[in-house]
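Enquirer: For reference, the structure I am asking about is given below.
The values are calculated or read from the model by the stated rules, or taken from the named source; none is laboratory data. Fair warning: this is a prediction, and the values are worked out from it, not measured in the lab. Cβ atoms come from the backbone with ideal geometry, glycine included; neighbour counts cover every protein chain shown. For the accessible areas, the whole protein counts, side chains as well, though only heavy atoms, and no ligand, DNA or RNA atoms are used. Shrake-Rupley method; radii C 1.70, N 1.55, O 1.52, S 1.80 Å.
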Amino acid sequence: MNAFGLLGFVRLAWPHVNPGIPFVDGWHIRELANHLEAVSTHDHNGIPFCRHLVGNVPPGSSKSTITSVCWPAFVWGPNKQPEKKWLFFCFDPTLASKHGRQCRELIMSEWFQERWPVQILDRGETDFRNSASGFRYCSSIRGGGTGRHADIIVVDDPIKPANTQGAASVTRNEIDFVKGWWSGTVATRNANPKTTARVIIMQRLHEEDLAGVCLESKKYLHLRLPMRYEADTPCRTPFGGDPRTVDGELLCPARWSLTEVAELEKDLGIYSDAQLQQRPSRAGGQIFRADWFRYWTVNDFPPGVNPLTGEGFDELLCSWDFTFKDTLGSDFVCGQVWGRLGARLYMLERVYERMNFPTSLTAIKAMVKRWPRIGPKLVEDKANGPAIIATLEAQIPGLVAREPLGSKVTRANAVSYRHRAGNIYYPIEFKDDKTPEGHVRCMTGFPLAKFDDSVDAETQLLAYVDEQSNTLFDALAAMAKAKAPQPMPQEAIAVMRAAYPHKSLAEQLAAIREASTHTPRIT
């Protein structure tokens with residue numbers, strides 16, 4: 001140990017790292033420094049007091065300056081461990097080089113050398129060594145470093161935030177690449193399997209980001225410092241934690257005022273809870289709020305309506321989201337049965353499993369057999385969907401290929417009004433299912449939850465219901481405005497027959513008129 005610790009060193013070194021930029025102190029800097037120091041300090045057997053650390057802090061918290069620049073200089077100098085070998089990784093090679101250059105220049109500065117004369121043998125930005133055999137090597141996660149073995153491995157922002165906020169395929173590719181890199185490339189970079197330490201410093205971006213993967217392993221100490229304090233989930237660790245006690249208290253008012261935080265939250269939108277609160281999913285949900293959901297039991301339905309058989313509903317539909325394969329890391333296949341009563345939609349069954357092509361065929365045929373009154377059977381026109389329709393269209397009537405339009409987020413926002421209005425009902429047993437695969441967890445966590453197959457199947461169905469409603473409302477409006485009686489358009493008749501296959505045309509029209517008094521036209 002030393003006289004002033006990493007925090008004191010950061011305060012003294014700051015003007016040499018960031019000349020002209022005032023140092024804004026705060027308790028969050030102390031906590032981060034204390035936890036990093038616990039990683040680089042070890043017992044008499046050489047075991048670090050903290051071998052595995054995940055630190056989640058908001059952007060702009062000086063985490064990179066503390067972690068990637070000051071910390072290795074502190075360990076080599078004041079902490080008298082110049083033999084320590086470091087590997088640093090970042091999503092951006094330019095940032096990795098910048099932090100490496102700043103660290104090297106700090107160590108070589110006159111201020112540092114006068115106090116701790118560590119001899120630097122080479123002057124590379126991404127790779128430099130000292131005379132005690134210590135080195136600091138940095139790279140992007142798509143760069144090199146595979147031949148190095150280190151005492152401390154640090155990942156400082158492995159994913160660019162924008163890469164988790166666009167197309168779902170881009171997010172999945174990025175997350176899968178980082179997970180593969182971590183479990184493959186980095187897994188064998190330990191200088192000593194018993195003592196090598198690993199640190200992940202990042203803002204949360206997704207349930208399956210690298211922080212989430214490490215925390216799920218139960219091996220990592222978690223330092224979570226949200227922008228606004230959340231009294232129901234306080235962070236306490238053996239080395240400190242979050243000292244705040246008032247719900248909503250800001251992380252560092254001297255750095256971010258209440259107005260500035262509000263503006264930042266507005267700019268980040270649905271991603272603000274991930275990047276600022278260090279939670280991939282907003283408490284209570286983001287696009288779909290948990291308090292909007294309604295739940296049904298068998299006793300909630302009027303006489304003649306049976307949610308176990310589908311009898312009595314105005315309409316039964318099912319919706320399927322298929323995948324290509326059934327490997328352990330692949331997406332799930334999701335099939336849902338829904339019953340409509342007026343403006344209300346009730347999920348009656350949910351199939352959620354990893355399936356290959358043959359088992360997918362078996363699953364949809366079994367669903368149709370269990371629910372013979374189902375009319376439209378929606379299948380996303382992606383992955384195995386087209387092949388399944390081609391295989392079954394001669395055996396099962398009513399298969400409808402659905403081409404997804406727009407992004408997943410756009411589609412979810414377009415139908416969320418139904419949830420907000422309290423028109424969506426789930427089986428009561430869904431309410432307490434907190435597993436990552438649980439439907440409510442998938443809905444409230446979207447778009448940053450681990451799984452989104454349930455959301456895709458549900459939004460596909462709701463969008464279809466909206467489209468059919470619009471077709472019928474347009475037809476009814478045209479008939480109402482006509483001076484002379486007008487025949488029902490064939491397109492509208494086709495929609496009614498698909499929606500109500502077991503009713504006469506007169507009964508279908510009556511049912512549609514009834515539904516139109518409850519459901520607004522979607523524009």
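Enquirer: Please compute the alpha carbon radius of gyration of the chain, then divide it by the globular-protein estimate 2.2 N^0.38 Å. Two decimals is fine.
Expert: The value comes to 1.21.
Enquirer: How big is the gap, in Å, between the Cα center of the range 400-474 and the Cα center of the range 44-61?
Expert: Cα centres, the range 400-474 to the range 44-61: 39 Å.
Enquirer: Given points 7 Å out from each Cα along the Cα-Cβ axis, report the Lys382 to Thr245 separation in nanometres with one decimal.
Expert: 5.0 nm
Enquirer: Which is farthest toward the positive dipole end of the chain among Pro58, Pro48, Thr297, measuring Cα position about the Cα centre, with Cβ charges +1 (Lys, Arg) and -1 (Asp, Glu)?
Expert: In the chain, that residue is Pro48.
Enquirer: Where Lys and Arg each count +1 and Asp and Glu each count -1, what net charge lies around Glu105 among other residues with Cβ under 14 Å from its Cβ?
Expert: Taking every Cβ under 14 Å from that of Glu105, the sum is +2.
Enquirer: How big is the dipole moment of the chain about its Cα centre under a simple scheme where the beta carbon of each Lys and Arg is +1, that of each Asp and Glu is -1, and everything else is neutral? Debye, nearest 20, please. Could the numbers behind the result be given before it?
Expert: Details: 61 positive and 59 negative charges, 111 e Å.
The calculation lands at about 540 debye.
Enquirer: Further, regarding this structure: Over the chain, with every protein chain in place, what whole percent of the accessible area is carbon and sulfur at 1.4 Å, could you tell me?
Expert: C and S atoms contribute 53 percent here.
Enquirer: For the chain, what does the helix formula give at 222 nm: sum of -39500 (n - 2.57) over DSSP H segments with n ≥ 4, over the residue count, nearest 500 deg cm²/dmol?
Expert: -11000 deg cm²/dmol
Enquirer: Do you know the relative contact order of the range 109-194, to the nearest whole percent, from alpha carbon pairs under 8 angstrom that are 6+ apart?
Expert: Dividing the mean separation by the residue count of the range 109-194 yields 22 percent.
Enquirer: Here is a further query. Are there any chymotrypsin sites (Phe, Trp or Tyr not before Pro) in the range 94-135 that are in a DSSP loop and have at most 10 other Cβ atoms within 10 Å? List them by number.
Expert: Loop-located and lightly packed - none at all.
Enquirer: Okay, moving on. For Trp116, what is the net charge nearby, where nearby means another residue's Cβ is under 13 Å from its Cβ and Lys, Arg count +1, Asp, Glu -1?
Expert: 0
Enquirer: How high is the relative contact order of the chain? Use alpha-carbon pairs under 8 Å, at least six apart in sequence, and give a whole percent.
Expert: Once normalised by length, the contact order is 12 percent.
Enquirer: Taking θ = phi - 60°, what integer Hz values does the Karplus form 6.51 cos²θ - 1.76 cosθ + 1.60 yield along the range 15-30, in sequence order, with x for Gly and Pro?
Expert: Computed from phi, the couplings for the range 15-30 are x, 7, 8, 10, x, x, 9, x, 7, 9, 7, x, 5, 5, 5, 4 Hz.
Enquirer: Determine the dipole magnitude for the range 258-353: charges of +1 sit on the beta-carbon of Lys and Arg, -1 on that of Asp and Glu, nothing else is charged, the reference point is the Cα centre, and the result goes in debye to the nearest 20.
Expert: Numbers: 9 positive and 15 negative charges, 29 e Å.
That gives the range 258-353 a dipole magnitude of about 140 debye.
Enquirer: Please give the length that would be gained between Asp433 and Asp92 if that part of the chain were fully extended, namely 0.36 nm times their separation in residues minus their C-alpha to C-alpha distance (nm, one decimal).
Expert: Between Asp433 and Asp92, full extension yields 118.9 nm more.
Enquirer: Quick query: amide H of Leu378 versus all other amide H atoms, modeled in the peptide plane; which residues come in under 5 Å with a sequence gap of 5 or more or a different chain?
Expert: The list, which skips near neighbours in sequence, is Cys318, Ser319, Trp320, Val400.
Enquirer: When only DSSP loop residues count, what chymotrypsin sites (Phe, Trp or Tyr not before Pro) in the range 55-95 have their Cβ near at most 14 other Cβ atoms within 10 Å?
Expert: Working: sites: Phe74, Trp76, Trp86, Phe88, Phe89, Phe91; in loops: Phe91.
Qualifying residues, ordered by number: none.
Enquirer: Hey, what do the phi angles of the range 421-430 turn into as Karplus ³J(HN,Hα) couplings, whole Hz, using 6.51/-1.76/1.60 and θ = phi - 60°, x for Gly and Pro?
Expert: Listing the rounded values in order: 7, x, 9, 10, 10, 10, x, 4, 5, 5 Hz.
Enquirer: Normalising by the residue count of the range 39-154, find the relative contact order in percent from Cα pairs under 8 Å and 6+ residues apart.
Expert: 29 percent
Enquirer: I'd like the chymotrypsin sites (Phe, Trp or Tyr not before Pro) in the range 321-430 restricted to DSSP loop residues with at most 16 other Cβ atoms within 10 Å, sorted by number.
Expert: Answer in residue order: Phe324.
Enquirer: While we're looking at this one, here's another question. Compute the acute angle (0 to 90°) between the alpha-carbon long axis of helix 505-516 and the principal axis of greatest extent of the alpha-carbon atoms of the chain; round to the nearest 10°.
Expert: 40 degrees
Enquirer: Shifting gears a bit: Given Ile21, Cys442, Gly5, which one lies farthest toward the positive end of the charge dipole of the chain, if we put +1 on the Cβ of every Lys and Arg and -1 on the Cβ of every Asp and Glu?
Expert: Value computed over the given set: Gly5.
Enquirer: Convert each backbone phi in the range 149-162 into a coupling constant with the Karplus relation 6.51 cos²θ - 1.76 cosθ + 1.60 (shift: θ = phi - 60°), then list the ³J(HN,Hα) values in order as whole Hz, x for Gly and Pro.
Expert: Each residue's phi maps through the Karplus curve to give 10, 10, 7, 9, 10, 10, 10, 10, 6, x, 10, 6, x, 4 Hz.
Enquirer: For Phe313, what residues show an amide H to amide H distance below 5 Å, using hydrogens built from the backbone and excluding near sequence neighbours?
Expert: Correct list: Asn306.
Enquirer: Taking the Cα centre of the range 315-460 as the origin, how large is its charge dipole in debye, to the nearest 20, when only Lys and Arg (+1) and Asp and Glu (-1) carry charge on their Cβ atoms? Each step should come with its number before you reach the end.
Expert: On the way: 20 positive and 18 negative charges, 73 e Å.
Magnitude of the dipole: close to 340 debye.
Enquirer: Tell me which residues come under 5 Å, amide H to amide H, from Leu221 once H is placed; ignore anything under 5 positions away on its chain.
Expert: Excluding prolines and chain starts, which carry no amide H, the hits are His52, Leu53, Val54.
Enquirer: On to the next question. Sorted by packing (mean other beta-carbon atoms within 10 Å per residue), highest first, where do 248-256, 311-319 land?
Expert: Ranked by mean Cβ neighbours within 10 Å, highest first: 311-319, 248-256.
Enquirer: Further, regarding this structure: On average, how much accessible surface per residue is there in the chain, in Å², for a 1.4 Å probe, leaving out ligands, DNA and RNA?
Expert: Heavy-atom SASA per residue in the chain reads 44 Å².
Enquirer: Follow-up question, since we're still on this one. Between Ala401 and Phe49, take the C-beta separation as r, use R0 = 51 Å, and let me know the FRET efficiency to the nearest 0.05. Kindly include the intermediate steps, with their values, before the conclusion.
Expert: Values: r = 58 Å, r/R0 = 1.15.
E(calc), rounded to 0.05, equals 0.30.
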